[in-house]
1. How much net charge surrounds Ala95 when only the other residues with a Cβ under 15 Å from the Cβ of Ala95 are counted, with Lys and Arg +1 and Asp and Glu -1?
2. Expressed as a rounded percentage, what relative contact order does region 59-121 have, with Cα pairs under 8 Å and six or more residues apart?
3. When the Cα centres of region 64-78 and region 38-52 are compared, how far apart do they sit, in Å?
4. Taking every pair of alpha-carbon atoms in the chain, what share in percent sits in each 5 Å bin, from 0 to the bin with the longest distance?
5. Normalised by the number of residues in the chain, what is the relative contact order in percent for Cα pairs under 8 Å and 6+ residues apart?
6. Determine the sum of side-chain charges near Arg48: Lys and Arg each +1, Asp and Glu each -1, restricted to other residues whose C-beta is under 11 angstrom from that of Arg48.
7. With a cap of 11 neighbouring Cβ atoms within 10 Å, and only residues DSSP puts in a loop, list the chymotrypsin sites (Phe, Trp or Tyr not before Pro) found in region 12-121.
8. Kindly provide the trypsin sites (Lys or Arg not before Pro) of region 1-90 that DSSP labels as loop, not H, G, I, E or B, and whose Cβ sees at most 14 other Cβ atoms within 10 Å.
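Every number here is computed from the coordinates shown, using simple stated rules; none is lab data. Keep in mind it's a predicted model, so treat the numbers as computed, not measured. Every residue, glycine as well, gets a Cβ built from its backbone with ideal geometry; the counts of neighbours run over all protein chains shown.
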Amino acid sequence: ADAVGCGVGQIVKSLIFLWASSGQPYLLLVSGSNRVNTRQLEERLGERLAKADAEYVRGITSFAIGGVPPVGHEQYLKTLIDPDLLQYQRVFAAAGTPFAVFELTPDELLVLTGGHVLQVT
């Protein structure tokens, strides 16, 4: 956030979770100032979740943890977007490495990802 001159909340964290029973991945796009509340999210989704490890994340997205972008994955990822990101005019997401980001609007994030807004915190 300091490097690009924005607030921590404007950083888009790309986190991979799995449905525990099927292994189906979810991409959660979360405001940098928030933490995922897995218990409440499981209740909303009606499914137990597991956090993916680094090897799984790279296998699914082709990117290392810390650099996973919200777009550009080889396979479709069901995407859930933290509504707190919608309060900002601009947000900043990883661009493929832990040292690169790109800037976009929350509306662009919604359109580009095809994501669904859902309270994840």
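1. Working: positive: Lys13, Arg90; negative: Glu103, Glu108.
The answer is 0.
2. Numbers: 96 pairs, mean separation 24.3, N = 63.
Relative contact order here is 39 percent.
3. Rounded to whole Å, the Cα centres lie 20 Å apart.
4. 2, 12, 23, 25, 21, 12, 3, 1, 0
5. On the way: 239 pairs, mean separation 34.1, N = 121.
Relative contact order of the chain: 28 percent.
6. Details: positive: Arg39; negative: Glu42, Glu43, Glu47.
Charge balance in the 11 Å sphere: -2.
7. Details: sites: Phe17, Trp19, Tyr26, Tyr56, Phe63, Tyr76, Tyr88, Phe92, Phe99, Phe102; in loops: Phe63, Tyr76, Tyr88, Phe99.
Qualifying residues, ordered by number: Tyr76, Phe99.
8. Values: sites: Lys13, Arg35, Arg39, Arg44, Arg48, Lys51, Arg58, Lys78, Arg90; in loops: Arg35, Arg48, Arg90.
The qualifying sites are Arg35, Arg48, Arg90.
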